[in-house]
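One structure below.
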Amino acid sequence: MAYYKSKGIFDTFFENRSSLIIQYSNGDISKKEFLESNFDFVQEMNIKPFSRIDSFEKGMYNYQYFNVLAKYYTMLAKDIRKSGKHDDYYIYYKNMGNHYYHEKDRATLQLLKHLEFKNVEAYFIKVESKYLRDKLYEIVLLDYKEAIFHSKSRWLLKILREEGVFIEGKKESLIDHYINEKY
């Protein structure tokens, strides 16, 4: 009798994530479709964030979970704002997006602490958006594929500097096209 190991949640998660990144990079899907597909996938997985980060995989999942929700609700808020209607919904979704961005930054810090800030680089990135200029920075986990995070958080920036992983000056983002594409 043959036994087969079923796919674990992290295998499924990382395969889907890589597949969507490839589809976006190839131009098969737009940034909006990329964000919507990520949101749908996280909802389908129905796995809440992990309370304890004791592996890269758990930390990456938590970051992605909160990042997906933050971007999705921010996108909904922008769509409502453009329509010129339903200011209450705009405020609600904008607040939801901001809440999840904060949770994403907390998840980032948990992962960085787990990794003891080893082989981590962070720096401000060049952006087309005036709103994000001198605010958005990139955090790269050098030992892992596709482990590129972004934040505007001042408190997280302070910690990155204290840990000696923040490089002053601006660089082009490793995913510049994605960062600068509007949705």
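Since every read-out is calculated from the coordinates, none of them should be taken as a lab result. Note that the coordinates shown come from a computational prediction; the quantities given were computed from them, not determined experimentally. Using ideal geometry, Cβ is built from the backbone for each residue, glycine included, and neighbour counts are taken over all protein chains shown.
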Quiz item: Computed from these coordinates, which is mean projected area of the Cα convex hull in nm²: [x] 14.9; [y] 9.5; [z] 12.7?
Solution: [z]
Quiz item: Which of the DSSP-defined H helices in the chain satisfy a minimum axial length of 20 Å, computed from C-alpha atoms, and a minimum mean Kyte-Doolittle hydropathy of -1.0?
Solution: 9-25, 31-45, 56-83
Self-check item: Within region 64-153, chymotrypsin sites (Phe, Trp or Tyr not before Pro) in DSSP loop having at most 11 other beta-carbon neighbours inside 10 Å
Solution: Tyr131
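Could you tally the net charge around Lys152, taking each other residue with its Cβ under 12 Å from the Cβ of Lys152, Lys/Arg +1 and Asp/Glu -1?
Surrounding charge for Lys152 is +1.
Using only the Cα atoms, work out Rg/Rh for region 26-76, with Rh taken as the Kirkwood radius, to two decimals.
Here Rg/Rh amounts to 1.03.
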Self-check item: Local electrostatic count, Tyr101, Cβ distance below 9 Å [Lys/Arg +1, Asp/Glu -1]
Solution: +1
Quiz item: Given +1 on the Cβ of Lys and Arg, -1 on the Cβ of Asp and Glu, and no further charges, what dipole in debye does the chain carry about its Cα centre, rounded to the nearest 20?
Solution: 540
Quiz item: Which listed residue (Ser173, Ser153, Leu20) has the Cα farthest towards the positive end of the charge dipole for the chain, taking +1 on Lys and Arg C-beta and -1 on Asp and Glu C-beta about the Cα centre?
Solution: Ser153
Quiz item: What is the extension gain from Ser30 to Arg81, computed as 0.36 nm multiplied by their sequence separation minus the C-alpha to C-alpha distance, in nm to one decimal?
Solution: 16.3 nm
